[in-house]
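The next block holds one structure in the form of structure tokens; read it before the comments.
The values are calculated or read from the model by the stated rules, or taken from the named source; none is laboratory data. Please read these numbers as outputs of a predicted model, since none were measured by experiment. When we count neighbours, we look across all protein chains shown, and the Cβ atoms used for this are built from the backbone with ideal geometry, even at glycine.
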Amino acid sequence: MIVSEASYETSAPTISSQLATLKASGANVVFGVVLGKFTSQMIKGVAELNWKPDLSSCRRRRHRSRFWKPAGLENAVGLISSSNQKDTMDTQWAMIPA
């Protein structure tokens with residue numbers, strides 16, 4: 001059951017208030033569709049709130065660790081993340097022109 005939803009403007013400096021609202025709703029699962037710096041803020045913010053929901057993130061960028069490291073890799077433990085793009089740094093795709 002969805003108990004709460006939150007959105008943000010990409011011009012906003014943080015998503016702290018949205019995370020606090022989601023925590024207050026009693027949500028035990030968070031599925032974040034977040035961009036750029038907001039990915040780090042989501043991961044770190046959940047940890048700073050001492051909140052332990054099941055955390056999932058759908059990313060469009062290939063190098064997710066770029067956003068995990070600023071959040072603290074220890075805060076990303078257990079994060080479920082998916083991406084539907086090929087990692088251009090992976091040699092298995094080297095011979096594919098696209």
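Residues of segment 1-22 that are of a type outside the set (A, V, I, L, M, F, W, C) and either free of Cβ contacts under 8 Å to residues at least 24 places away in the same chain or in contact with a strand residue (DSSP E or B) (Cβ under 9 Å, 6 or more places away or on another chain) (or both): Ser4, Glu5, Ser7, Glu9, Ser11, Pro13, Ser17, Gln18, Thr21.
Among the residues of segment 30-53, what is the count of those that are in a loop (DSSP other than H, G, I, E, B) and at pLDDT below 90?
Residues in segment 30-53 being in a loop (DSSP other than H, G, I, E, B) and at pLDDT below 90: 4 in total.
Candidates are the residues of segment 74-92 that are modelled with pLDDT of 70 or more and surrounded by 12 or more Cβ atoms within 10 Å (Cβ to Cβ); the one that is nearest to Asn50 (Cα to Cα) is Asn75. Taken over segment 12-56, residues that are closer than 18 Å to Phe67 by Cα and not acidic (Asp, Glu) amount to 26. When segment 35-59 is limited to residues that are of a type in the set (A, V, I, L, M) and either over 9 Å from the mean Cα position of the chain (by Cα) or crowded, with 19+ Cβ neighbours inside 10 Å (or both), the one that is farthest from Ala12 (Cα to Cα) turns out to be Leu55. Inside segment 10-29, residues that are part of a strand (DSSP E or B) and crowded, with 19+ Cβ neighbours inside 10 Å make up a count of 0. Residues in segment 69-93 that are among the aliphatic types (A, V, I, L, M), under 20 Å from Ser40 (Cα atoms) and in a loop (DSSP other than H, G, I, E, B) were compared, and the one that is farthest from the chain's Cα centre (by Cα) is Val77.
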